[in-house]
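Please treat every number below as a calculation from the coordinates, not as lab data. Note that the structure is a prediction, hence the values are computed from the model and not measured. FYI the Cβ positions are ideal-geometry reconstructions off the backbone, even for glycines, and counts take in every protein chain you see.
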Amino acid sequence: MTSMGRPLTAIMLATDNRAVQPANEALALRRLCGRSLLLWGLDLLRDIPLQKTVVVTDQRADMIAKALQDQGADMFVDFVEQRVPRGTGDAASVGLTALPTDHAEGLVEADVLVMPAWLPLLNPGHIQDLVEAHRVGNAACTLLTMEVSNPEGYTRVVRDSRGRIDRLLTDNLIDRETRLAEVGMDAVEIFTEIMICQVGELGPALRRVAPTAFDGDYSYSGVAAVLAGAGFTVSAHSAGDDIEQITPAADTMSLAKAETTLRTNITNKWLRRGVHIVDPSQTWIDGAVQLSPGVTIAPGTILQGQTVVAPGATVGPHTQLVDCMVGARAVVAHTVGVDAEIGPNAVVGPWAHLGPGASISEGAKTGPFYNEN
């Protein structure tokens, strides 16, 4: 079988090993713009022809799987649990157990993509380009890398005198001399934590990765050194220098920054599609909301959940709709609505409240201070 025809699977790591989260809250389910962080991660794989997608979680796999179903996830995913947090290398090994037996044991030629779930800002095109580069180069392992001016906090790519990848060094292992040398460099090559490997080489390499001296965990970044040391080719595909795309959203500060960027991206998407947003800085639109060309969104509007707005409708100002249906040419102002339906040409508000199940018929006018529960 040629490298271009090999089956491809994906292992997405959604364990909370490096996250700062309340003990009872799974980071995978933390919502950004109305969608869970894990769903944003799975979206990166949507256009890649995968034979199987495996998500590795902690011991809350059943809860996470049910929550994704409730959010309307339409991708088929297998969940496996890393019962004891021993690092990303161990999590990747756990993920391999969910692959078909002949794949996991290297009995057939296949590739496996390994990546964290916490990269909601990553351009999915980088993943597609990585897969293509790996198939063309036919390396044992291909790393997605970036060249950045400030590599602090990121894993460095170390090459030998001939320019070949020798190993990866996590930030905590970088000595003072190397850090000083990096100050005078235009760019430093870093590992984005995303790689694709021939599955027959990945399993044995993970078993040979030594625990880190820092915390005793097993990191899958050690795979590069194991494979290179055994004579296999480890290559790299560059994703440029936009470091924001690979900043993990794994604590409250980075989650807030990621959500701000996602909101801007969502707003810009609808602007390009012909939606008139009067003041984007005062408009919040969740990721699952559907808007039609010709819709007008006035300042102070929040659209959440599965809200759908039909052509010609005007929503706002100062309106919050959650899981609502708004008909064509309807006008909704100074209104709060939850799981409600507003018919075409209806006029709702000002200061209206529509509770779950509320229905405003076509052409109706509620007048001010309307309340329907």
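Could you give the length gained on full extension between MET253 and ASP186, defined as 0.36 nm per residue of separation minus the Cα-Cα distance, in nm? Don't jump to the answer; show the numbers that get you there.
Working: separation 67, 0.36 × 67 = 24.12 nm, distance 2.76 nm.
Additional length available on full extension: 21.4 nm.
Under 5 Å between amide hydrogens, which residues at least 5 positions from ALA110 or on another chain qualify, with H placed 1.01 Å from N in the peptide plane?
Excluding prolines and chain starts, which carry no amide H, the hits are VAL199, GLY200.
Spelling out what I want: for every residue of region 227-239, take phi, set θ = phi - 60°, compute 6.51 cos²θ - 1.76 cosθ + 1.60 (Karplus), and round to whole Hz; glycine and proline get x.
5, 5, x, 8, x, 7, 7, 10, 10, 9, 10, 7, 9
Express in nm, to one decimal, how much length is gained between TRP351 and GLU81 on full extension, taking 0.36 nm for each residue of separation and deducting their alpha carbon distance.
Working: separation 270, 0.36 × 270 = 97.20 nm, distance 4.80 nm.
Here the segment from TRP351 to GLU81 would lengthen by 92.4 nm.
Tell me, what is the percent relative contact order of the chain, built from C-alpha pairs under 8 Å that lie six or more residues apart? Intermediate values should be presented prior to the final figure.
Details: 841 pairs, mean separation 48.2, N = 373.
Value for the chain: 13 percent.
Residue by residue, what Karplus-based ³J(HN,Hα) values in Hz, rounded to whole numbers, does region 43-60 have, using 6.51, -1.76 and 1.60 with θ = phi - 60° and x for Gly and Pro?
Calculated HN-Hα couplings, in order: 4, 5, 9, 4, 9, 9, x, 9, 6, 7, 10, 10, 10, 9, 10, 7, 7, 9 Hz.
Residue by residue, what Karplus-based ³J(HN,Hα) values in Hz, rounded to whole numbers, does region 346-358 have, using 6.51, -1.76 and 1.60 with θ = phi - 60° and x for Gly and Pro?
Computed from phi, the couplings for region 346-358 are 6, 10, 10, x, x, 6, 9, 10, 10, x, x, x, 5 Hz.
Could you give the spread of the C-alpha atoms of region 188-278 along their three principal axes, from largest to smallest, in whole angstroms?
59, 28, 26
When the dipole is taken about the Cα centre of region 3-246, and only Lys, Arg (+1) and Asp, Glu (-1) are charged at their Cβ, what size is it in debye, to the nearest 20? Intermediate values should be presented prior to the final figure.
Working: 21 positive and 34 negative charges, 77 e Å.
That gives a dipole near 380 debye.
Taking the Cα atoms of the chain, report the difference between the largest and smallest coordinate on each principal axis, in whole Å and largest first.
Principal extents (largest minus smallest coordinate, Cα): 75, 49, 41 Å.
So which cysteines of the chain have no other cysteine's Cβ under 4.7 Å from theirs?
Unpaired cysteines in the chain: CYS33, CYS324.
Gain in length, ARG176 to ASP62, computed as 0.36 nm per residue apart minus the alpha-carbon separation, to one decimal in nm? Please list the in-between numbers first.
Working: separation 114, 0.36 × 114 = 41.04 nm, distance 4.46 nm.
That pair, ARG176 and ASP62, stretches by 36.6 nm at full extension.
Taking amide hydrogens as modeled 1.01 Å from N in the peptide plane, which residues meet the under 5 Å criterion relative to ASP166, leaving out close sequence neighbours?
VAL158, ARG159, ASP160
Between ILE277 and residues 5 or more places away or on another chain, which pairs have amide H atoms under 5 Å apart, with H built 1.01 Å from N, and which residues are they?
Residues meeting the amide H criterion: ILE297.
Of all chymotrypsin sites (Phe, Trp or Tyr not before Pro) in region 24-100, which ones are in loop regions per DSSP and have a Cβ with at most 13 other Cβ atoms within 10 Å? Please report the intermediate quantities before stating the final value.
Details: sites: TRP40, PHE76, PHE79; in loops: PHE76.
Listed in order of number, the matching sites are PHE76.
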